[in-house]
Each structure stands twice: as C-alpha cells, then as structure tokens.
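Take a look at the structure set out below.
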Amino acid sequence: MSDDVVLAGIDLVKDFSGRTGLIKRSTGNVRAVDHVTLELKRGRTLGLVGESGSGKSTVGRLLLRLIDVSDGAVLLNDQDVTQSKHRSLRKLRSAMQMVFQDPYSSLNPTMRVGDIIGEPISYHRGLRGTARDNEVERLLVSVGLAVEQARRFPDELSGGQRQRVAIARALGSEPDILVCDEAVSALDISIQSQILNLLLHLQSEFGLTMLFVSHDLSVVRHVSHDIAVMYLGQIVEYGPADRVADQPAHPYTAALLSAVPQAKPSSRRTSEKVILEGDPPSPSAPPKGCPFVSRCPFAFEPCHEFRPAHTPVNGGGTVACHLQTSGPTLGGASLGGAAFDSEKSATKH
Ligand SMILES: Nc1ncnc2c1ncn2[C@@H]1O[C@H](COP(=O)(O)OP(=O)(O)OP(=O)(O)O)[C@@H](O)[C@H]1O
Ligand SMILES: [Mg+2]
C-alpha cells in the first residue's frame, strides 16, 4: 500500500441479521456492505455518494470501528485494526472523528457549548482548567464562532452554528481523519456552502484526511478529490472527482448526475441523461449479476448473470460495468464517449 494511504477498508463486508420488530420476525439477512475496498489518502477527501440505503453510513461506521466487520479488514497507517479492542480502540477513536447529519441530536442539549467542545479535549488529550479553556477558544475561532458562544446551550444556536460546534468537538481530539456523514444535508443551501467552505479551510489548516458521505453528488464533488459511487452495498465507480463527475463511466453515476441541476445546459452531459426510475432492490434480495441491472437502461445478457469486475477508465479510476468489458465495449471510455454506438443511445432519455 502506498505511503500516503492513512486509512483503508479492504474487501469490507457487513451483514445485518434481518430480525426486526417485537416478535423478531426474520426478514432475511441484509448485506449492507458487499466487498467494498477504498483508501483515504493523507490530506485528501474521498467522497462517498449513493442513494439512501446504499450502505454509505455503514462503510463509515466500519472504518471507524464503531461496528465490527463481517469480513474484510480495516488498516490504519498500514496496521490492521480490524480486531482492536479497548485501549488500542480508544487510541484509534482519537485518531478518527465523525460529524453527523443532525447537530440537534448529536449535541447534548443540557451541556454548554464550551463543555461539549471541552469534553474530548480532556478525554483524549488530558487537558484541564485553563489549558482546556484556551483550546476550546482556539477551536471556536477556527470554526468561525465567537468565544462568548462557549456559554450558550445548543438550542440557543442556529442549525449552522450547531454544526460548527459539532465540527469543533470532532477536532478536539486532534484527529487525523474526519468522517462527515451527511454533515450538511439538514442545512439550508446558503448555510451548506458556508459549512462546506469551512471544511475545505479546516482540511488545509489541519491537514485533515476526510471521508465525506452524501447522497448529493454536486455537494460531494465540491469538496472531494476522489469519489466512490455506491449502489446496493457495492462500489460501482471510483476515481478522481472531476473525471467521475464530468465523464461518468457507470450508468448509475450518470443517473445521479442527471438529477443534479446543470450549470451549463449545453454541456455534453445533457445529451447523456440516464433517468433513474423505481427503487433499488432490497439488500436482502440483491440481483444475481450487476446490482444495477433492474434499473439500467443499457442492461444486456451478462448483466443478469455475472457481477462485473472493476476495470480501468480513461482519465483515472475504475468502474464495475459490463459495458466496459463485453457487448458494446466502451474500453475505458466514459458513457458520453464516441465508442458508444448510436443504437444504444436511443434507449437514453
Ligand atoms: N443496525 C442495522 N440493522 C439492520 N440493518 C441495518 C442496520 N444499519 C443499516 N442497515 C441496513 O443496511 C443498509 C445500508 O444502510 P446505511 O445506513 O449504511 O445506508 P446509507 O447509504 O447511509 O443511507 P442514508 O443515505 O439513508 O443514510 C440499509 O438497507 C439499512 O436498512
Ligand atoms: Mg447514512
């Protein structure tokens, strides 16, 4: 593994038992994460995008060791931490922090902001008294809040301010890695961009490595160096953010982009729209072949039978799609590339 990889998930699998409800009726096992491999590189942001239920949060929780893997491994600085317990897990947790979607429920409403931010500073770094207070003040300023706000309670703050508090709290343990799970999804658009810009600024100030999880590809693109696209527990496309967003090689990525308002209506993307219809299949009964087969306008025979392997894409990254390897071969070209035959284009919207 290359030196600049801080955290890696290797062939991660997570199965949840399908027993739900009071009578524990079995609904079948759910494979929430299905052989996912990804790398977080030092000082860079990996964006993880996909529809609701695709397994994004589960990947984040596996990487942070908040839940145990069913199979596969988590490597932190090349060290296998998959089975770490107690003391080493505590060390691990201080190296990785998470910011969640809902700052209303993730902040203790009975604590003052200063104590919310101060708690991890004491717990992970052993600072107390004035040393702790000085650190709280420094972090408040770093996230764009006034020092006086340390005395406030969370319900005296706006949604954007609360999310700044959540970010300051996450930074309190001086983490190397920050996982932001739908961290701006609950915020108004204008506040969203303020928080995204704050994250970009903090990344360069603190040299943070980030995993940025969102269902919104336009948001992910704004902050990410690389993007992984998830569908039904699997990564279907992976690569440099600009290549994935400008020249998607997987029909699902193209569909996610079609849902994003176009800044330039004349761009090539508009003629390559893939409209998503219906819902994804249940993860307790996934299709036999490609996970996207039931919704893909380009599906042909192999897609129903065989799970596609990842193959390289021109411009960087990989895609798991039979279009690249058999049938109307794209040979590493993006979906919008000339290699695509005109007959197939007729099925596009
Ligand atoms: N603790 C659990 N027990 C059983 N099933 C679970 C559990 N956590 C997640 N799942 C299932 O795993 C799948 C992936 O869930 P996950 O929360 O990772 O998706 P997500 O991509 O983060 O979705 P969202 O965008 O809605 O947050 C879903 O089918 C979900 O119902
Ligand atoms: Mg989630």
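Data table
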quantity	calculated
Residue tally, condition over 20 Å from ASP176 (Cα atoms), under 20 Å from the mean Cα position of the chain (by Cα) and in a helix (DSSP H, G or I), over segment 79-104	1
Qualifying residue in segment 176-185 (condition: over 21 Å from SER54 (Cα atoms) and free of Cβ contacts under 8 Å to residues at least 12 places away in the same chain)	no
Per-region count, segment 59-91, residues of a type in the set (A, V, I, L, M), without any contact (Cβ under 8 Å) to a residue 60 or more places away in the chain and buried (at least 18 other Cβ atoms within 10 Å of the Cβ)	3
Some residue of segment 65-77 being away from ligand 1 (no atom under 16 Å from the Cβ), at positive phi and outside any helix (DSSP H, G or I)	yes
Candidate set from segment 24-64 (those that are of a type in the set (Gly, Ala, Ser) and not in a loop (DSSP other than H, G, I, E, B)); member that is nearest to ASP216 (Cα to Cα)	GLY47
Residue within segment 41-48 that is within 16 Å of ligand 2 (Cβ to nearest atom) and surrounded by fewer than 15 Cβ atoms within 10 Å (Cβ to Cβ) present	no
Matching residues in segment 26-66 - criterion: being at pLDDT 95 or above and of a type in the set (Val, Ile, Thr)	VAL33, VAL36, THR37, THR45, VAL49, THR58, VAL59
When residues of segment 242-261 are limited to those that are in a loop (DSSP other than H, G, I, E, B) and surrounded by 13 or more Cβ atoms within 10 Å (Cβ to Cβ), the one modelled with the lowest pLDDT	VAL260
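The values are calculated or read from the model by the stated rules, or taken from the named source; none is laboratory data. Note that this is a predicted model, so its numbers are computed, not measured. Here the Cβ is made from the backbone with ideal geometry for all residues, glycine too, and neighbour counts use every protein chain on show.
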